[in-house]
Amino acid sequence: MALHIVVCVKSTPSNVNVPVDPATGQPKTAGVPPTLNPYDEFAIEEAVRLKERVPGSTATAVTVGGEAAAEVLREAVARGVDGGVLVSGAEFEGGDGFATSLALSSAVKKLHAEKPVSLVLFGKNTSDGGSGMVGAETAAWLDWPSAIGVKKIDAVDDASATVSRMMEDGVDSLKLALPAVVGTIKEINEPRLPSLKGKMAAKKAVFPKWGAAELGLQAGQVGAAGAGAKVVKAATPPARPAGVKVEGASSAEKAKKLVDILIERKLI
Amino acid sequence: MANPILVVAVPSRGKLSPAVYELVSAGRKLADSLKQPLYAVVTSDKASALAPDLAARGVDKVFAVEHASLGAPVDDLHAKAAASVATKENASRVLVPATVLGKAVAARLAVLLKAGLAADVTEILDGGLVRRAYFSGNLVAEVEFKTPVGVMTLAPMSFPRAEAGNKGEVVTVAFDPGASKCAFVSFAAEESNEVDLGAAERVVSGGRGLGGPEGFKHVRDLAHAIGAAVGASRAAVDAGWIPYRHQVGLTGRAVRPKLYVAVGISGQIQHLAGMSSSGTIVAINTDPACPLMQMANVTVTGDYNELLPAITDEIKKRKGSPVAA
Ligand SMILES: Cc1cc2nc3c(=O)[nH]c(=O)nc-3n(C[C@H](O)[C@H](O)[C@H](O)COP(=O)(O)OP(=O)(O)OC[C@H]3O[C@@H](n4cnc5c(N)ncnc54)[C@H](O)[C@@H]3O)c2cc1C
Ligand SMILES: Nc1ncnc2c1ncn2[C@@H]1O[C@H](COP(=O)(O)O)[C@@H](O)[C@H]1O
């Protein structure tokens, strides 16, 4: 048994505390250096661990983004993934989760046709869009079983994966028939840093670039044209009013004043 | 023809969660603003037993899709069941709770209904636009659907819970969602009688400033005294002082309680992303200059070792003699 794991990674701004561009009403990210979405480190690490668990397995990273997004594929290779695909082209610009997940699902299908895919891994959410939905939407387009919020892949064989999904009130155990989609959370592992060997491989790596045509999609199905929703305008959250300082000579006095405030504001 | 607003009441362990009542009040607002009726669909093995509760909270029509397989928290089955009603009734907006299962169901609904999706909506604006936080909580977006149908998940604690209202009709629907490629094996409940973070009206969180796992005893004591859930910063979780499920922030849970008490937490942006929309934020910290003390509504400067027991005592005292308050 050998697995083919696909891991979806995104290039996001390294600093997401950005202003709104008054001209466009959209976040001003120009000039902010891009980086690997931090939560995707866990998905990459899990792909590499699955490779270690099941010898002979391969892992492929996929990203939808601009030319510069190739760097996150390189980062994935440096961390132990075997190769990557850059889904890129002007037609993908301005896509939302709906359009991006369609593009990702088409890329996964194409990879699946080349070499059957066992698992597709995702990060919990992105630091910019941050819907935490792209993984589940990709599964929906593929019509593959999926679990998001996965804290452990308990078992995996040729036909299925058993996963632990962290719920609000406990942990579900689910058995997914392969191929399947898994959305990871931070608890799943502790990402390792790129190895020297990985960095060397990353330097040499060449990534195929697929546009809508290669994916068998119309330009109108992806990017802004294919988006199901659009951000009309962005704003900074309203500033909070200045705080009240609770003062007192002793802890008991401070405690008394604080409790007065909490009761007065009907908070307790 | 009507294009109703449809609340998808995905039950949790055979019950309706309070999040569903929040969807009803949000749905009512949207329905009134778009001049459409408000419908709900309950997808459960006990749907017909659960539906009357929603019908009594001002939902015009509740569809009970009951099937044995809907007793399991399997996303595609619930999505198919809800989609069958959404399609038949020509729903224009579909509201789903932003729980782990709800998110998975919403994603499948979006694809089944070829609908745009807005996640973790916190506000419904006139004209049907919605607001959600993004860029890790640094920005809020006004989102417009481009598709005829829009699916949205609603962030917990963002809308009031619908109370009793006009009594609506209950319609039982026969629907077999078929087989799933996902099998539910088992559920292990969290061993604790603590309040769930996501649905908590009050949260007391501890950070690295607690200095060790013992510090959480003081945090728990205060939390119990005011009926709060216990939260934590990532630093406290990473140190192994408390399990990950308590983590608040970007890589943890997002909370929106009426009262958030942060103890020994400096307030780095990743933590703020999970709690900055709380109603009232109280910070207890030795450092009055740290970011959390700067943004909090009420601040107490000092050592938690002394302050927390004093606060807990004071609360117990007042509870004991309400006249003194
Ligand atoms: C990708 C990424 C994701 C992250 N996700 C999260 C997340 O989801 N949630 C999260 O919380 N963090 C997250 N972080 C970590 C975050 O950046 C901070 O490191 C973390 O929040 C710091 O925790 P803290 O405030 O408890 O610790 P510190 O920053 O060390 O603050 C400790 C505070 O305790 C105070 N203190 C010390 N002694 C006492 C005392 N005796 N009494 C009272 N106060 C005292 C100090 O003055 C200080 O303000 C993330 C970081 C990254 C890079
Ligand atoms: N443009 C993209 N390319 C590849 N993967 C993506 C992209 N956007 C999101 N993802 C994946 O989907 C996860 C959830 O993203 P989001 O729904 O945007 O919060 C991320 O952690 C990534 O694994």
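Which far-off residues, 5 or more places away or on another chain, put their amide H under 5 Å from the one on B:PHE63, with H placed in the peptide plane?
Here the answer is B:ALA40, B:VAL41, B:VAL42, B:VAL171, since their amide H atoms fall under 5 Å of that of B:PHE63.
Rg and Dmax of the stretch A:163-224, using alpha carbons, in Å: what are they?
18.7, 46
Reported to two decimal places, what Rg/Rh ratio describes the protein assembly as shown when computed on Cα atoms with Rh from the Kirkwood expression?
That ratio is 0.97, to two decimals.
What percent of all Cα-Cα pairs in chain B falls in each 20 Å bin, counting up from 0?
31, 51, 18, 0
Could you please report the charge total around B:VAL237, scoring K, R as +1 and D, E as -1 over all other residues with beta-carbon less than 14 angstrom from its beta-carbon?
+3
Take every DSSP beta bridge whose two residues both sit in the protein assembly as shown, then give the antiparallel share in percent to the nearest 5.
Once the DSSP bridges in the protein assembly as shown are tallied, antiparallel ones form about 35 percent.
For A:VAL244, which sequence-distant residues (separation of 5 or more, or a different chain) have an amide H within less than 5 Å of its own amide H, given hydrogens modelled in the peptide plane?
B:VAL298, B:THR299
Below 8 Å, C-alpha to C-alpha, sequence gap of six or more: please give me the relative contact order for chain A in percent.
Over chain A, the number comes to 24 percent.
Compute the semi-axes of the equivalent ellipsoid of the stretch B:237-283, taking the square root of 5 times each eigenvalue of the Cα gyration tensor, and list them largest first in whole Å. Please list the in-between numbers first.
Values: eigenvalues 60, 26, 20 Å².
For the stretch B:237-283, the ellipsoid semi-axes come out as 17, 11, 10 Å.
Which order do A:VAL232, B:VAL41, A:VAL206, B:VAL282 fall in if you start with the one that has the fewest other Cβ atoms within 10 Å?
Listing A:VAL232, B:VAL41, A:VAL206, B:VAL282 from fewest to most nearby Cβ atoms yields A:VAL206, A:VAL232, B:VAL282, B:VAL41.
Label points 7 Å out from Cα along the Cβ direction at B:ASN3 and B:GLU190: separation in nm?
Rounded to a tenth, the inter-label distance reads 3.9 nm.
Within 10 Å, count the other beta carbons around each residue, average over each peptide in B:304-311, B:156-163, and list them highest first.
Sorting B:304-311, B:156-163 by mean packing, highest first, produces B:304-311, B:156-163.
Where a Cα-Cα gap under 28 Å defines reach, which lysines qualify for B:LYS35, not counting those fewer than 8 residues away within the same chain?
Straight-distance partners of B:LYS35: A:LYS230, A:LYS233, B:LYS61, B:LYS80, B:LYS88, B:LYS103, B:LYS114, B:LYS146, B:LYS167.
For the stretch B:94-161, give the share of DSSP beta bridges that are antiparallel, in percent and rounded to the nearest 5; count only bridges with both residues there.
That works out to approximately 50 percent antiparallel.
Please order B:HIS78, B:HIS218 by the number of other Cβ within 10 Å, starting at the fewest.
On the way: B:HIS78 30, B:HIS218 22.
Going from sparsest to densest Cβ surroundings: B:HIS218, B:HIS78.
Count, for each residue of A:175-188, the Cβ atoms from other chains sitting within 10 Å of its Cβ, then give me the mean as a whole number.
Neighbouring Cβ atoms belonging to other protein chains average 3 per residue here.
Would you mind putting B:99-111, A:87-99, A:39-51, A:121-133 in packing order, based on average other-beta-carbon counts within 10 Å, highest first?
For the peptides B:99-111, A:87-99, A:39-51, A:121-133, the packing ranking is B:99-111, A:121-133, A:39-51, A:87-99.
Give the average, rounded to an integer, of partner chain Cβ atoms located within 10 angstrom of each Cβ in B:301-312.
4
³J(HN,Hα) across the stretch A:171-184 via Karplus (A = 6.51, B = -1.76, C = 1.60, θ = phi - 60°), whole Hz, x for Gly/Pro?
After applying 6.51 cos²θ - 1.76 cosθ + 1.60, I find 10, 8, 9, 10, 10, 9, 6, 7, x, 9, 10, 10, x, 8 Hz.
In the stretch A:159-268, what trypsin sites (Lys or Arg not before Pro) fall in a loop by DSSP, with at most 13 other Cβ atoms inside 10 Å?
Those satisfying the criteria are A:LYS266.
With θ set to phi - 60°, apply the Karplus curve 6.51 cos²θ - 1.76 cosθ + 1.60 along the stretch A:37-45 and write out the HN-Hα couplings as whole Hz, x wherever there is a Gly or Pro.
Listing the rounded values in order: 3, x, 6, 7, 4, 5, 5, 4, 4 Hz.
Going by how many other Cβ atoms sit within 10 Å of their own, how do A:LEU262, A:LEU196, A:LEU174, B:LEU117 line up, fewest first?
A:LEU196, A:LEU262, A:LEU174, B:LEU117
If you take the beta carbon distance between B:LYS319 and B:LEU125 as r and set R0 to 30 Å, what does 1/(1 + (r/R0)^6) give as a FRET efficiency, to the nearest 0.05?
Numbers: r = 40 Å, r/R0 = 1.35.
For B:LYS319 and B:LEU125, the calculated efficiency is 0.15.
What is the spread of the Cα atoms of the stretch A:1-133 along each of their three principal axes, largest first, in whole Å?
On the principal axes, the stretch A:1-133 reaches 55, 25, 24 Å in Cα extent.
On a straight-distance basis, which lysines could pair with B:LYS317 in a cross-link, Cα separation under 26 angstrom, same-chain partners fewer than 8 positions away excluded?
A:LYS245, A:LYS254, A:LYS256, A:LYS257, A:LYS266, B:LYS217, B:LYS258
Starting from the stretch A:171-268, pick out the GluC sites (Glu not before Pro) whose DSSP state is loop and whose Cβ has at most 12 other Cβ atoms within 10 Å.
Passing both the DSSP loop test and the Cβ count: A:GLU247.
In terms of modelled amide H atoms, which long-range or inter-chain residues lie less than 5 Å from the amide H of B:GLY267?
When sequence neighbours closer than 5 places are left aside, the close amide H contacts are B:LEU292.
So what's the angle, to the nearest 10 degrees on a 0 to 90 scale, between helix B:215-226 and the longest Cα principal axis of chain B?
It is inclined by approximately 60 degrees.
Step by step: find N for chain A, compute 2.2 N^0.38 Å, then divide the Cα radius of gyration by it. What's the final number?
Here the Cα radius of gyration is 1.19 times the empirical estimate.
Averaged over A:88-101, how many beta carbons belonging to a partner chain fall within 10 Å of each residue's beta carbon?
Per residue, the average neighbour count from other chains is 2.
Please list 3J(HN,Hα) in residue order for the stretch A:256-268, calculated via the Karplus relation 6.51 cos²θ - 1.76 cosθ + 1.60 where θ = phi - 60°; whole Hz, with x for glycine and proline.
Residue by residue, the stretch A:256-268 yields 4, 5, 5, 5, 4, 4, 5, 6, 4, 8, 6, 8, 10 Hz.
Laboratory data are not the source of any read-out in this text; all were calculated from the coordinates shown. Not measured: the values here are computed from a predicted model. Cβ coordinates were reconstructed from backbone atoms using ideal geometry, including for glycine residues, and neighbour counts include every protein chain displayed.
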